[in-house]
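Colleague: Pasting in a structure now, in structure tokens, and then I'll have a few things to ask.
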Ligand SMILES: CC(C)(COP(=O)(O)OP(=O)(O)OC[C@H]1O[C@@H](n2cnc3c(N)ncnc32)[C@H](O)[C@@H]1OP(=O)(O)O)[C@@H](O)C(=O)NCCC(=O)NCCS
């Protein structure tokens, strides 16, 4: 698999039409028409509980990730890759970035909701340590992984 190198920037309101197209194609829910503008504004920094990033390859957005922060220091991760750029390691880079972001802001846990028949997402999340949690939801598997801060901190120095 050839891996596409990507960089990240904050989500912008102008990204919304592209994201809407991909969400529709993936059968993922869109906000209703009346609240679309509000939705884009919230994703673009208008809501402190949402952290949304665009992933760029050669300056073009090829994927998006969104973290919905909860008061218990967990966040739900949602991600989507441009259908033309799938299976080239972009999804893996999104999850790695989300985990790094979660560590940076001191989260304890990341969760994701995935349909069990979504082979790509099931594999992607399993590869990154997500496991089914005890939460039950009709039609979805609720996956979770702990976010460790260990690699941000200096190891203990133990003298003999
Ligand atoms: C899930 C999704 C983000 C994966 O993105 P991607 O860029 O194709 O992922 P990667 O190329 O990094 O591949 C990740 C893993 O999934 C596997 N994979 C990707 N597509 C697959 C498919 N259609 N069937 C089976 N496995 C698949 C890859 O082989 C890889 O596993 P490996 O490293 O063990 O070989 C993408 O398919 C997508 O946007 N789907 C629609 C939205 C969605 O379902 N989001 C997840 C729920 S929030």
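The values are calculated or read from the model by the stated rules, or taken from the named source; none is laboratory data. All values derive from a computational prediction rather than experimental measurement. Neighbour counts are summed over all protein chains in view; Cβ atoms, including those assigned to glycine, are modelled from backbone coordinates with ideal geometry.
Colleague: Restricting to the range 24-76, what's the tally of residues that are part of a strand (DSSP E or B) and loosely packed, with under 14 Cβ neighbours inside 10 Å?
Modeller: Kept after step one, since they are part of a strand (DSSP E or B), are these residues of the range 24-76: 50-57, 60-69, 74-76.
Subset that is loosely packed, with under 14 Cβ neighbours inside 10 Å: 60.
Summing the residues that are part of a strand (DSSP E or B) and loosely packed, with under 14 Cβ neighbours inside 10 Å in the range 24-76 gives 1.
Colleague: Considering (1) within 14 Å of the ligand (Cβ to nearest atom); (2) crowded, with 17+ Cβ neighbours inside 10 Å, say which one residue 83 fails and leave the rest.
Modeller: Answer for residue 83: the failing condition is (2).
Colleague: Of all residues in the range 86-96, which are more than 6 Å from the ligand (Cβ to nearest atom) and either crowded, with 20+ Cβ neighbours inside 10 Å or part of a strand (DSSP E or B) (or both)?
Modeller: Let us first name the residues in the range 86-96 that are more than 6 Å from the ligand (Cβ to nearest atom), namely 93-96.
The answer is 93, 94, 95.
Colleague: Which one of the conditions (1) within 16 Å of the ligand (Cβ to nearest atom); (2) in contact with a strand residue (DSSP E or B) (Cβ under 6 Å, 6 or more places away or on another chain) does residue 42 fail to meet, given that it meets all the rest?
Modeller: Only one criterion is unmet by residue 42, namely (1).
Colleague: Suppose we filter 123, 103 for residues that are more than 14 Å from the ligand (Cβ to nearest atom), out of contact with any strand residue (DSSP E or B) (no Cβ under 8 Å at 6 or more places or on another chain) and in a helix (DSSP H, G or I); which single one remains?
Modeller: Details: 123 fails: more than 14 Å from the ligand (Cβ to nearest atom).
Unique residue meeting the criteria: 103.
Colleague: For the range 141-149, indicate whether the set of residues that are buried (at least 16 other Cβ atoms within 10 Å of the Cβ), part of a strand (DSSP E or B), at pLDDT 95 or above and within 7 Å of the ligand (Cβ to nearest atom) is non-empty.
Modeller: Just the residues of the range 141-149 that are buried (at least 16 other Cβ atoms within 10 Å of the Cβ), to begin with: 141-145, 147.
From the residues that got through so far, the ones that are part of a strand (DSSP E or B) too are 141-145.
From the residues that got through so far, the ones that are at pLDDT 95 or above too are 141-145.
Right, trim to within 7 Å of the ligand (Cβ to nearest atom) and you get none.
Within the range 141-149, not a single residue is buried (at least 16 other Cβ atoms within 10 Å of the Cβ), part of a strand (DSSP E or B), at pLDDT 95 or above and within 7 Å of the ligand (Cβ to nearest atom).
Colleague: Got at least one residue in the range 129-138 being crowded, with 16+ Cβ neighbours inside 10 Å and within 11 Å of the ligand (Cβ to nearest atom)? Spell out how you get there, then give the answer.
Modeller: So in the range 129-138, the residues crowded, with 16+ Cβ neighbours inside 10 Å come out as 130.
Filter again for within 11 Å of the ligand (Cβ to nearest atom), leaving 130.
Yes, the range 129-138 has at least one match.
Colleague: Sticking with this one: Looking at (1) in a helix (DSSP H, G or I); (2) more than 15 Å from the chain's Cα centre (by Cα), which one does residue 116 not meet, given that it meets all the others?
Modeller: Here residue 116 clears every test but (1).
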